[in-house]
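What follows is a short report on a single structure.
Derivation of every value follows stated rules applied to the coordinates shown; laboratory data play no part. These numbers come from a predicted model, not from an experiment. We place every Cβ from the backbone using ideal geometry, glycine too, and count neighbours over all the protein chains shown.
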Amino acid sequence: MNSPEIPKIRSMSERKYELVPVDRINILNPRSRDKRQFDESVRSIDDVGLYKPICVNCRNFKKTGMYDLVCGQGRLEAYISLSKEEILAEIIDEDDTNAYIFSLVENIARVRPSSIEFARTLVQMYDSGVTIPDLVRITGRSDGNIKEYIRLMKNGEERLIRGVEENIYPISFATQVASSDETSAQQLLMDAYEDGMINSSNLRDVRDIIDGRMQEGRTKPPRNLEELKTDIKNITEQKEGFCEQAQRRESRLIQLLIVIKKLMADPKFRECLKENGFMSRLELTGTYVY
């Protein structure tokens, strides 16, 4: 896969801004927002106005009559909630792939380094074809640091990344723990304490994270579409097999009950049972139609 073109920093004279009707903007990939944070955004915009324009892509406008939102969903939704009809937007003209990369670049510039959102965006960019050297250039992080975040996120180690996010330990320690079993992880903990990386104020937090990871396992990595299709196919086949097996057993049981019913209607058979002390008949629970 060819590496996509990374959006370049444009000078102010190269940027194009327009007032765009809010009902002409299509949110392609809507994300849920924290209500408290959203309410604060609405209050801020209502008090002081829009501090930064949103960004929209005009590539499909002639065909659909709609702009595609690149970044600024929270600001756009705040404008809509305030019943404003237009919003200031930077207009770009990019194909869908480059527009998506552009939105990720904008997002990673806004999120706090070391956060879960930072790690998720790194993985999204990497999976979209952005190379490690490009990620280094965009984020200002080292090659090793970028790879550590991507490796942890792809392996479902969100619990360990949370510890980095909360400044409990550095990313290098999280990476070491991720590749350790329970015994070696405890040794890492003792070594980190002796080296001063961990102290009495955060020792309990680190131990809780490590113990929780060992007991509950890592966060299961998100599955792609093909894996989900395979899972659904396997589950469907298992269910069909179970139903067929249940039907066969039900059929055999009904046949057995029919035979027993016919035998019990035979006086000679009942007399034989009586002579051998088998007249107490077992009662079946449930309802059977035969």
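Hand me the trypsin sites (Lys or Arg not before Pro) from the range 12-77 located in a DSSP loop with no more than 14 other Cβ atoms within 10 Å, in residue order please.
For trypsin sites (Lys or Arg not before Pro) across the range 12-77 that sit outside H, G, I, E and B with at most 14 neighbouring Cβ atoms in 10 Å, the list reads R15, K16, R31, R33.
Where does each of 129-135, 245-251 land if you order them by average Cβ count within 10 Å, highest first?
Ranked by mean Cβ neighbours within 10 Å, highest first: 129-135, 245-251.
Hey, with R₀ at 45 Å, roughly what FRET efficiency would Y51 and R204 work out to, going by the Cβ-Cβ distance, to 0.05?
Once the sixth-power term is evaluated, E becomes 0.65.
Starting from the Cα of K16, draw a straight line to each of the aspartates and glutamates and keep only those under 13 Å, dropping any in the same chain fewer than 8 residues away.
Filter leaves E90, D93.
If you stretched the chain out fully between I254 and K154, how much longer would it get, using 0.36 nm times the residue separation minus the C-alpha to C-alpha distance?
30.8 nm
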